[in-house]
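Below: the structure, in structure tokens.
Derivation of every value follows stated rules applied to the coordinates shown; laboratory data play no part. As the structure is a prediction and not an experimental result, all values here were calculated from the model. With ideal geometry, Cβ positions are generated from the backbone for all residues, glycine too; neighbour counts draw on all protein chains shown.
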Amino acid sequence: MTDHEAAIEQFLDDADAALSEYDQGYADADATLTLVRDHIDELRETLD
């Protein structure tokens, strides 16, 4: 597995976890979007 593939897999796992917490009522929509955006930023930094 390449570094890019690992970063994408990590992003997907983190995004899934954030959405799951939202679905279970542990986080509100704003917090979930903020967390997903943070993960997107991390992925972009890793891929650059």
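Pairs linking a residue in region 27-43 that is within 14 Å of Asp13 (Cβ to Cβ) to a residue that is of a type in the set (Gly, Ala, Ser), with Cβ atoms under 7 Å and 6 or more positions apart or on different chains, are Leu35/Ala18; Val36/Ala15; Val36/Ala18; His39/Ala15; Leu43/Ala7.
Asp38 passes every criterion in (1) surrounded by 12 or more Cβ atoms within 10 Å (Cβ to Cβ); (2) not in a helix (DSSP H, G or I) apart from (2). Kindly evaluate Leu19 against the criterion of being over 8 Å from the mean Cα position of the chain (by Cα), surrounded by 14 or more Cβ atoms within 10 Å (Cβ to Cβ) and touching a residue at least 12 places away in the same chain (Cβ under 8 Å). Criteria met by Leu19.
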